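Read the figures in this text as sums done on the coordinates, not as results from a lab. Please read these numbers as outputs of a predicted model, since none were measured by experiment. All Cβ positions, even for glycine, are placed from backbone atoms using ideal geometry, and neighbour counts span all protein chains on display.
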Amino acid sequence: MTEAAAEPTSRVDLVLARARADLHRLTPAEALAAARDEGALLVDTRTAAQRGRQGELPGALVIDRTVLEWRLDPSSPWRIPEAIAGRRVVVLCRQGFSSSLAAASLRTLGIDATDVIGGVEAWLADGLATHDGPADLRE
């Protein structure tokens with residue numbers, strides 16, 4: 001899959017296009033600046049295997065996609081301490097596809113969420129830092 005803007009050809013492509021229509025997506029450098037300068041929360045939803053191959057993102061919290069909404073909804077009894085009303089959330093995945101769907105889902109909960117164009121692959125291509133771990137896992 002690529003990030004190329006093409007006419008949706010499947011139902012999932014249509015869902016993705018609709019999700020992205022409401023997002024102001026960030027470049028990797030913009031995401032890093034949002035976390036560093038504005039206190040945005042970087043959330044990594046990649047699998048352990050993907051993180052093992054690509055490295056961990058400095059300052060990012062690792063939250064499994066299956067519990068993302070519960071951990072980040074400030075009104076949820078299962079939220080993490082960093083889930084504060086009004087705090088921006090920037091979601092990252094490997095290539096920037098599932099993160100768009102995740103960010104759109106978070107926005108339906110009233111969370112100021114977006115994602116990164118190209119995901120961690122773009123992060124790496126831009127030469128931004130990673131590390132070998134440990135990850136800040138939030139289950």
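Across the range 26-49, the number of residues qualifying as within 13 Å of the chain's Cα centre (by Cα), in contact (Cβ under 8 Å) with a residue 24 or more places away in the chain and assigned to a loop (DSSP other than H, G, I, E, B) comes to 4. Here is a list of conditions, (1) in contact (Cβ under 8 Å) with a residue 40 or more places away in the chain; (2) outside any loop (DSSP other than H, G, I, E, B); (3) not charged (D, E, K, R), and L23 meets all of them except one; can you say which number that is? The single condition L23 does not satisfy is (2).
Any residue at all in the range 86-96 that's in a loop (DSSP other than H, G, I, E, B), among the polar types (S, T, N, Q) and closer than 13 Å to D44 by Cα? Yes, the range 86-96 contains at least one residue that is in a loop (DSSP other than H, G, I, E, B), among the polar types (S, T, N, Q) and closer than 13 Å to D44 by Cα. Across the range 97-122, the qualifying residues are those that are assigned to a loop (DSSP other than H, G, I, E, B) and not charged (D, E, K, R), and the one among them that is farthest from T47 (Cα to Cα) is G110. Checked against (1) over 13 Å from the mean Cα position of the chain (by Cα); (2) free of Cβ contacts under 8 Å to residues at least 60 places away in the same chain; (3) farther than 19 Å from E121 by Cβ, G52 passes all but condition (3). Does Q95 meet the test of being in contact (Cβ under 8 Å) with a residue 60 or more places away in the chain and either surrounded by 21 or more Cβ atoms within 10 Å (Cβ to Cβ) or touching a Gly at 6+ places or on another chain (Cβ under 8 Å) (or both)? The answer is yes for Q95. Criterion applied to T66, T45, T9 was being among the hydroxyl-bearing types (S, T, Y), surrounded by 12 or more Cβ atoms within 10 Å (Cβ to Cβ) and farther than 16 Å from D112 by Cα, and the one residue passing it is T45. V90 fulfils the conditions (1) buried (at least 23 other Cβ atoms within 10 Å of the Cβ); (2) touching a strand residue (DSSP E or B) at 6+ places or on another chain (Cβ under 7 Å); (3) under 19 Å from V12 (Cα atoms) except for a single criterion, (3).
Selection over the range 86-100 of residues that are more than 13 Å from A31 (Cβ to Cβ) and either of a type in the set (S, T, Y) or touching a Phe, Trp or Tyr at 6+ places or on another chain (Cβ under 9 Å) (or both) gives a count of 2.
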